[in-house]
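What follows draws every value from the coordinates through simple rules; no lab data is involved. Just so it is clear, the structure is predicted and the values come from calculations on it, not from any experiment. With ideal geometry, Cβ positions are generated from the backbone for all residues, glycine too; neighbour counts draw on all protein chains shown.
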């Protein structure tokens, strides 16, 4: 009898040889991440590097929201969520005019400006829904039921994070490389600086949020 190996359902076939789905052919699948330093403009180019840095700010704000919820500190969670919404708005106010001013005649599949704008609208809706949810937790949940209410809210709050992560991959690998190829070096550096500046106000420590 032929040896079946440690994975009977695979019939002894090495895992490395098992067929895997070709996600690369799907518009909806997130593109592969390039291994690079977010600030390494030599590997990514200034625009892609700046956008990666901005999305790190978004990630940090999301972390602050969930760290506050772990402490059942709804005031801090709402403040971090509010800053996340403001950071998204500031980023979109730089990004959307730039895409409109430099339309791509042949955008890459899955990297059109129309798709970016549609995802912005969805992100904004998810942020508004999350804001309402946090307000509801803060105003209508007593101390005894708050922990379970927070746990039940996590899935809804994470929807924004998941879409934003996917959206960032779309921009890093499709939208911004296409845009940067059509800009002069000076234009690319100026837009990269504007993207970083828009996010700079939201990089302070959580304790400074009450002042904004």
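Give me the pairs: first residue in the range 168-184 and at positive phi and free of Cβ contacts under 8 Å to residues at least 12 places away in the same chain, second residue part of a loop (DSSP other than H, G, I, E, B) and crowded, with 22+ Cβ neighbours inside 10 Å, beta-carbon distance under 8 Å, and six or more apart or on different chains, which are they?
none
So which residues in the range 104-118 are touching a helix residue (DSSP H, G or I) at 6+ places or on another chain (Cβ under 8 Å), more than 21 Å from residue 194 (Cα to Cα) and part of a helix (DSSP H, G or I), if there are any at all?
115
When residue 150 is evaluated against the numbered criteria (1) surrounded by 12 or more Cβ atoms within 10 Å (Cβ to Cβ); (2) not in a helix (DSSP H, G or I), which criterion, by number, is the only one it fails?
(2)
Yes/no per residue for (1) within 16 Å of residue 176 (Cα to Cα); (2) surrounded by 15 or more Cβ atoms within 10 Å (Cβ to Cβ); (3) touching a strand residue (DSSP E or B) at 6+ places or on another chain (Cβ under 9 Å); (4) in contact (Cβ under 8 Å) with a residue 40 or more places away in the chain:
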site: 90; (1), (2), (3), (4): no, yes, no, yes
site: 95; (1), (2), (3), (4): yes, yes, no, yes
site: 99; (1), (2), (3), (4): yes, yes, no, yes
site: 115; (1), (2), (3), (4): yes, yes, no, yes
site: 126; (1), (2), (3), (4): no, yes, no, no
site: 131; (1), (2), (3), (4): no, yes, no, yes
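Does the range 80-103 contain any residue that is assigned to a loop (DSSP other than H, G, I, E, B) and closer than 22 Å to residue 195 by Cα?
Step one: of the range 80-103, the residues assigned to a loop (DSSP other than H, G, I, E, B) are 102-103.
Next, from what is left, pick out any that are closer than 22 Å to residue 195 by Cα: 102-103.
For the range 80-103, residues assigned to a loop (DSSP other than H, G, I, E, B) and closer than 22 Å to residue 195 by Cα: present.
Just give me the residues in the range 167-191 being in contact with a helix residue (DSSP H, G or I) (Cβ under 8 Å, 6 or more places away or on another chain) and within 25 Å of residue 64 (Cβ to Cβ), in sequence order.
Matches in the range 167-191: 167, 168, 170, 171, 172.
Take the range 57-88 and flag every residue that is within 13 Å of the chain's Cα centre (by Cα) and either without any contact (Cβ under 8 Å) to a residue 24 or more places away in the chain or more than 16 Å from residue 133 (Cβ to Cβ) (or both). Before the answer, list the steps.
Quick first cut of the range 57-88, residues within 13 Å of the chain's Cα centre (by Cα) only: 57-63, 84-85, 87-88.
Residues satisfying the conditions are 57, 58, 59, 60, 61, 63, 87, 88.
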